[in-house]
Amino acid sequence: MDILLNINSITDLSLINKKLVKLSGWGLFPKIEVTQKIPASLEELRNAISSGSGIARGNGRSYGDSAISMKNTIEMKKFNRFLDFDEKSGFLLVQSGVLLSDIIKIFLPKGWFLFVTPGTKFITVGGMVASDVHGKNHIKNGSFGNYVEFIDIMNSNGLITRCSREKNSELFNWTLGGMGLTGIILNVGFRLRKVKTSWICQDTFISKNIENTIEIFEEKIKTTYCVAWIDCHVKGNKLGRSLITIGEHAELDDLNIDQRANPLKTKINKNFSIPFYFPAIVLNNLTARIFNYIYYLKGCITKKKKIVFWDNFFYPLDRINNWNKIYGKRGFAQFQCVLPLKNANKGLREIIEKISNSKSFSFLAVLKRFGNQESFFSFPMEGYTLAMDFPLNKRNLLLMDALDEITIKYGGRFYLAKDSRVKKENFIKSDKRIDKYKYFRKEGYNLAFSSSQSSRLDL
């Protein structure tokens, strides 16, 4: 159902909580002074949109500048209501500002969980749609968009359109992974999966190099969850050595007596917080090499098979509040690419070799396997995705430019939800779908929505 209201009759902009603030993504770069508006109703939201081009912002967990607009950043946190739930099918309808953590808190005790979850639970549902997030199980379950049944979107004229695969399908498909540029995501209807416990049966495998890592991934291709941590600081025949973690949702019979007493436990232990920005001297090539060595050694000697809590398995970094401060006040940038399956082995080896031969360092390098996904503008394709964080400095920015070139060489593309620094010319080379997306936006009168990222990439 399409609903049109006359925004011209609304003139009192004081309805909107408006302020001038400096905003950044989770990577703390770039920091941009913006006009931020915080509407609390549809009326206020229409006023916010009518005052100029802008972008919606959720909880600020995209890493770069995709949810920042200098002229008009519209925060959607107050649109955080649960609207409907079907206990038989697992269908859930929420406003876009609802946090994933709140969904888990309410529905996991009832035996429901996400089909697909990213690596943080502190993301809004609107952000999950805009990024079409993936998890450790893409090869089996695809991206979050696979489980979205419909989306309510407000355009620049205040018109609210419900779109799905059957109705207004172009708008629906371009919105999944469209980085919020097709309009303001208001409501999202999607399906949850039934689970019997909140625990995961986890197993860990050790690989000796990147080729061995890929072999293990392909051997475990039918496993629901699979992810690898890669040591990017070793060379030679150990290049790309990894710890590969696989997991399945635990059944009641998998739990011990204490766990069976509360099989759908959701309460997590108190998180540790980073109270200040780390000084740059703490983060260097030596400390990164020591950390990677210890982490790999620990993985080699600890018990392989075990039952782990849902929060530890899916969201390990969430256990550390403000972990982004570890990288200091300058922040960090993440490089994340996906390489097509046929080129993955050669491409990954060249990328990791480039890093290991440099003076740069990364504490966190994560590899996942993607299944086949034909989509309008979502990030995944069949192949391997590699993500790694680098402290922000000139040397690391130059390194990531070089990694971009390798990615393009092997037919890969970049994840916009993690991007803060990809150059326009490299972005254009990496994705043949860009022109079609730009054409749709122009024809759909959605050019009013723009971000710092879309301006930087000419999207």
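Somewhere in the range 331-344, is a residue in a helix (DSSP H, G or I), of a type outside the set (A, V, I, L, M) and closer than 27 Å to residue 246 by Cα?
Yes, there is a match, as at least one residue in the range 331-344 is in a helix (DSSP H, G or I), of a type outside the set (A, V, I, L, M) and closer than 27 Å to residue 246 by Cα.
Of the residues 107, 122, 144, 113, which is over 19 Å from the mean Cα position of the chain (by Cα) and either hydrophobic (A, V, I, L, M, F, W, C) or modelled with pLDDT of 95 or more (or both)? Walk me through how you get there before you give the answer.
Working: 122 fails: over 19 Å from the mean Cα position of the chain (by Cα); 144 fails: over 19 Å from the mean Cα position of the chain (by Cα); 113 fails: over 19 Å from the mean Cα position of the chain (by Cα).
Every option except 107 fails the conditions.
Which one of 213, 224 is surrounded by fewer than 21 Cβ atoms within 10 Å (Cβ to Cβ), farther than 30 Å from residue 75 by Cα, at pLDDT 95 or above and polar (S, T, N, Q)? Explain how you work it out, then say what you get.
Details: 213 fails: surrounded by fewer than 21 Cβ atoms within 10 Å (Cβ to Cβ).
224 is the lone residue from the list that is surrounded by fewer than 21 Cβ atoms within 10 Å (Cβ to Cβ), farther than 30 Å from residue 75 by Cα, at pLDDT 95 or above and polar (S, T, N, Q).
If we scan the range 13-26, do we find a residue that is at pLDDT 95 or above and of a type outside the set (Gly, Ala, Ser)? First the steps, then the outcome.
Within the range 13-26, the subset at pLDDT 95 or above is 23-26.
Narrowing the set further to residues that are of a type outside the set (Gly, Ala, Ser) leaves 23, 26.
The answer is yes, given that some residue of the range 13-26 is at pLDDT 95 or above and of a type outside the set (Gly, Ala, Ser).
Evaluate the range 149-156: report whether one residue or more is out of contact with any strand residue (DSSP E or B) (no Cβ under 9 Å at 6 or more places or on another chain) and under 26 Å from residue 54 (Cα atoms). Spell out the reasoning first.
At the first step, the residues of the range 149-156 found to be out of contact with any strand residue (DSSP E or B) (no Cβ under 9 Å at 6 or more places or on another chain) are none.
For the range 149-156, residues out of contact with any strand residue (DSSP E or B) (no Cβ under 9 Å at 6 or more places or on another chain) and under 26 Å from residue 54 (Cα atoms): absent.
Filter the range 200-210 down to residues that are among the aliphatic types (A, V, I, L, M) and part of a strand (DSSP E or B) and give me whichever is surrounded by the most Cβ atoms within 10 Å (Cβ to Cβ). Even if it seems obvious, please write down each step before you answer.
Residues of the range 200-210 that are among the aliphatic types (A, V, I, L, M), as a first pass: 200, 206, 210.
Applying the additional criterion that residues be part of a strand (DSSP E or B) yields 200, 206.
Working: 200: 23, 206: 15.
It comes out as 200.
Among 277, 293, which is the only one that is more than 22 Å from the chain's Cα centre (by Cα) and surrounded by 15 or more Cβ atoms within 10 Å (Cβ to Cβ)? Show your work before the answer.
Working: 293 fails: surrounded by 15 or more Cβ atoms within 10 Å (Cβ to Cβ).
Result: 277 is the single residue among 277, 293 that is more than 22 Å from the chain's Cα centre (by Cα) and surrounded by 15 or more Cβ atoms within 10 Å (Cβ to Cβ).
Among the numbered criteria (1) assigned by TED's automatic domain parsing to the domain that holds residue 118; (2) more than 23 Å from the chain's Cα centre (by Cα), which one does residue 150 miss?
(2)
Given the condition of a type in the set (Val, Ile, Thr), in the same structural domain as residue 368 (by TED's automatic domain parsing) and surrounded by fewer than 16 Cβ atoms within 10 Å (Cβ to Cβ), answer yes or no: does some residue in the range 322-334 qualify? Before you say what the answer is, go through the steps one by one.
Just the residues of the range 322-334 that are of a type in the set (Val, Ile, Thr), to begin with: 326.
Going one step further and asking which of them are in the same structural domain as residue 368 (by TED's automatic domain parsing), we end up with 326.
Those still in the list that are surrounded by fewer than 16 Cβ atoms within 10 Å (Cβ to Cβ) too: none.
For the range 322-334, residues of a type in the set (Val, Ile, Thr), in the same structural domain as residue 368 (by TED's automatic domain parsing) and surrounded by fewer than 16 Cβ atoms within 10 Å (Cβ to Cβ): absent.
Can you tell which of 236, 247, 240 is over 22 Å from the mean Cα position of the chain (by Cα), crowded, with 16+ Cβ neighbours inside 10 Å, of a type outside the set (S, T, N, Q) and not assigned by TED's automatic domain parsing to the domain that holds residue 110? Walk me through how you get there before you give the answer.
Numbers: 236 fails: crowded, with 16+ Cβ neighbours inside 10 Å; 247 fails: over 22 Å from the mean Cα position of the chain (by Cα).
Checking each option against the conditions leaves just 240.
Restricting attention to the range 240-281, report how many residues are more than 25 Å from residue 223 (Cα to Cα) and among the aliphatic types (A, V, I, L, M). Break it down stepwise before answering.
Here is the first cut: in the range 240-281, the ones more than 25 Å from residue 223 (Cα to Cα) are 257-258, 261-262, 267-281.
Add one more test, that the residue is among the aliphatic types (A, V, I, L, M), and what stays is 257, 261, 268, 274, 280-281.
The qualifying residues number 6.
Return only the number of the condition from (1) at pLDDT below 95; (2) within 15 Å of residue 126 (Cα to Cα) that residue 234 does not satisfy.
Only one criterion is unmet by residue 234, namely (2).
Within the range 384-406, track down each residue that is closer than 27 Å to residue 142 by Cα, part of a helix (DSSP H, G or I) and aliphatic (A, V, I, L, M).
Selection gives 403, 406.
Taking the options 317, 341, name whichever one is within 22 Å of the chain's Cα centre (by Cα), surrounded by 13 or more Cβ atoms within 10 Å (Cβ to Cβ) and within 29 Å of residue 203 (Cβ to Cβ). If you could, list the steps in order and put the result at the bottom.
Details: 317 fails: surrounded by 13 or more Cβ atoms within 10 Å (Cβ to Cβ).
341 is the lone residue from the list that is within 22 Å of the chain's Cα centre (by Cα), surrounded by 13 or more Cβ atoms within 10 Å (Cβ to Cβ) and within 29 Å of residue 203 (Cβ to Cβ).
Kindly check whether there is at least one residue in the range 57-71 that is surrounded by fewer than 24 Cβ atoms within 10 Å (Cβ to Cβ) and at pLDDT below 95.
yes
Considering only residues that are in contact with a helix residue (DSSP H, G or I) (Cβ under 9 Å, 6 or more places away or on another chain), among the aliphatic types (A, V, I, L, M) and either without any contact (Cβ under 8 Å) to a residue 24 or more places away in the chain or not in a strand (DSSP E or B) (or both), which ones fall in the range 41-81?
Of everything in the range 41-81, those that are in contact with a helix residue (DSSP H, G or I) (Cβ under 9 Å, 6 or more places away or on another chain), among the aliphatic types (A, V, I, L, M) and either without any contact (Cβ under 8 Å) to a residue 24 or more places away in the chain or not in a strand (DSSP E or B) (or both) turn out to be 48, 49, 67, 68, 70, 76.
Going residue by residue through the range 411-425, is there one that turns out to be over 21 Å from the mean Cα position of the chain (by Cα), over 14 Å from residue 360 (Cβ atoms) and buried (at least 17 other Cβ atoms within 10 Å of the Cβ)?
no
For the structure I just gave you, tell me whether residue 416 is in contact with a Lys or Arg (Cβ under 7 Å, 6 or more places away or on another chain) and in the same structural domain as residue 278 (by TED's automatic domain parsing).
Values: in contact with a Lys or Arg (Cβ under 7 Å, 6 or more places away or on another chain): no; in the same structural domain as residue 278 (by TED's automatic domain parsing): yes.
So residue 416 fails the test.
Among (1) more than 25 Å from residue 380 (Cα to Cα); (2) surrounded by 21 or more Cβ atoms within 10 Å (Cβ to Cβ); (3) in contact with a Lys or Arg (Cβ under 8 Å, 6 or more places away or on another chain), where does residue 197 come up short?
Evaluating residue 197 over (1) more than 25 Å from residue 380 (Cα to Cα); (2) surrounded by 21 or more Cβ atoms within 10 Å (Cβ to Cβ); (3) in contact with a Lys or Arg (Cβ under 8 Å, 6 or more places away or on another chain) leaves (3) as the failure.
The values are calculated or read from the model by the stated rules, or taken from the named source; none is laboratory data. What you see is a predicted model, and the numbers here were worked out from it, not measured in a lab. Glycine also receives a Cβ, built like all others from the backbone with ideal geometry; neighbour counts cover every protein chain displayed.
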